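What follows is a set of notes on a single structure, which appears directly below.
All of the numbers you see were taken from the coordinates with simple rules; none came from a lab. All values reported here derive from a predicted model rather than from experimental measurement. Cβ coordinates were reconstructed from backbone atoms using ideal geometry, including for glycine residues, and neighbour counts include every protein chain displayed.
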Amino acid sequence: MQFIDHASIDVLGGRGGDGIVAFRREKYVPAGGPSGGDGGHGGRVVFQADSNLQTLLDFKYKRSFAAQDGRRGGPNRSTGASGEDLLVKVPCGTEVRHFSTGILFGDLITSGETLVVAFGGRGGLGNAHYLSNRNRAPEKFTEGREGEEWKLQLELKLLAEVGIIGLPNAGKSTLIAVLSEARPKIADYPFTTLVPNLGVVRRPTGDGTVFADIPGLIAGAAQGAGLGHEFLRHIERTKLLIHLIDGGSNDPLEDLIVVQNELSAYGHGLIDRPRILVINKKELIEKEKKEQLLDDFQAKTGRDVMLVSAVMGDGLQDLLDNVWKELGV
Ligand SMILES: Nc1nc2c(ncn2[C@@H]2O[C@H](COP(=O)(O)OP(=O)(O)OP(=O)(O)O)[C@@H](O)[C@H]2O)c(=O)[nH]1
Ligand SMILES: [Mg+2]
């Protein structure tokens, strides 16, 4: 599943330092030669992909990035210091385009990869450069050039590896909220979620895995009923599905089958996608019914079923362990 996140920002390379006019002043030398140094180059704005970042949200608050200017030249032909580069971290998967033309500046895919988005201006020349036979005492110098200035459009495409599916109200948003930093709306009515929510869950290795909470599926979703159909297309691209079933429902087994039928009806191999069956709201199920429910599920599907409570945080570690195992982490 791909999610697109946008931001538009301004970047400005540092201005080059000016060259200067100076003459050597030495004892016993009445008219020393020209000795004005060159200005330093302006710093560059450089983007760097960083796998710890997951969104472009930071760029909603800070929108303009300027590198340091180069310094003026000095006497005795000394060149001014170059401006420092400004390093700006962006999430892996960020595409950088010129704002008005859409021309691609580059893609930052792997962590650590860099892209120069604005070069600094060249430093100006000092008068030492203009010494000639005709002019032994040139007063000429040049100013530093302006740095490049661009308005850029950033676009982030994230690939979710794990999709959370189920009927409306099963607790999908609750689950992603407890597993990740995502804070979707949660409410006791169907179709609370209208667009997918993304959350990043840390693996034991420390890397992030993107989970997606998808709007509830209902019978007929594959034909366009409810909201789910739009998103069935996207879950085609996840590696693993968590199929969440409301344990407090009148007929959890029927709920399972409704969603399975939609996956089959949709085709594209979705029904064969690795899928973990999870009954949520465990604490609502009466003790004596639990065994029966698990047996019924097992008999009907021939697969293992997990029991969790997203609200109580019960069984979630086992669920994650299972997810990492399925993903081969
Ligand atoms: N008792 C209990 N209630 C839960 C649990 N998990 C979620 N809920 C409740 O179930 C209701 C629906 O939760 P949501 O997370 O919004 O469900 P959803 O699957 O995202 O629903 P849609 O977005 O409408 O598809 C809310 O009132 C939650 O508080 C749980 O483990 N136990
Ligand atoms: Mg929801």
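Odds and ends about this structure:
- Share, in percent, of DSSP beta bridges within region 2-157 that are antiparallel, nearest 5: 75
- Label point distance in nm, ILE271-LYS140, each placed 7 Å from Cα along Cα→Cβ: 8.2
- Of all DSSP beta bridges in region 160-327, antiparallel share, percent nearest 5: 30
- Acute angle (nearest 10 degrees) that the helix 316-327 long axis makes with the longest principal axis of the chain, alpha-carbon atoms: 70
- By the rule of a C-alpha distance below 20 Å, with chain neighbours fewer than 8 residues away ignored, the aspartates and glutamates paired with LYS290 are ASP246, ASP251, GLU254, ASP255, ASP304, ASP314, ASP318.
- Of the cross-linked pairs LYS281/LYS325; LYS239/LYS325; LYS172/LYS287; LYS185/LYS239, those separated by over 19 Å at the C-alpha level are LYS281/LYS325; LYS172/LYS287; LYS185/LYS239.
- Distances between placed amide hydrogens fall under 5 Å for ALA310 paired with LYS281, LYS282, all partners being 5 or more residues away or on another chain.
- Fraction of antiparallel bridges per DSSP, the chain only, in percent to nearest 5: 55
- Here the alpha carbons of region 160-327 define both size measures, Rg and Dmax, at 14.7, 40 Å.
- Equivalent-ellipsoid semi-axes for the chain (Cα gyration tensor, √(5λ), whole Å, largest first): 65, 17, 14.
- Where labels lie 7 Å past Cα in the beta-carbon direction, separation of ASP304 and LYS239 in nm: 1.9
- For the pair ARG25 and GLU84 in one chain, pulling the backbone fully straight at 0.36 nm per residue adds 18.0 nm over the alpha carbon distance.
- Additional length obtainable on full extension of the chain from MET312 to THR110, 0.36 nm per residue less Cα span: 69.0 nm
- Between the helical axis of 287-301 and the longest alpha-carbon principal axis of the chain there is an angle of about 80 degrees.
- In region 166-263, the GluC sites (Glu not before Pro) that fall in loop regions by DSSP, at most 15 other Cβ within 10 Å: GLU181, GLU236
- Full-extension gain in nm, ARG203 to LYS60, via 0.36 nm per residue minus C-alpha separation: 48.7 nm
- Sequence of ARG303, ARG63 once ranked by neighbouring C-beta atoms within 10 Å, starting from the fewest: ARG303, ARG63
- Cα-based shape type of region 2-157, given that a ≥ b ≥ c are square roots of the gyration tensor eigenvalues and the cut on a/c is 1.5: prolate
- Here's the list of lysines a cross-link from LYS140 could span, going by alpha-carbon distance under 27 Å and ignoring same-chain residues fewer than 8 apart: LYS27.
- Under 5 Å between amide hydrogens, built in the peptide plane, is the criterion, and for LEU86 it picks out ARG44, VAL45, VAL46, GLN68 among residues at least 5 positions away or on other chains.
- Our coupling estimate for region 248-259, obtained by passing each phi through the Karplus curve with A = 6.51, B = -1.76, C = 1.60 and θ = phi - 60°, is x, 6, 5, 9, x, 5, 5, 4, 4, 5, 4, 5 Hz, Gly and Pro reported as x.
- Exposure proxy shown here: for VAL90, VAL278, the number of other Cβ atoms within 10 Å sets the order, fewest to most, as VAL90, VAL278.
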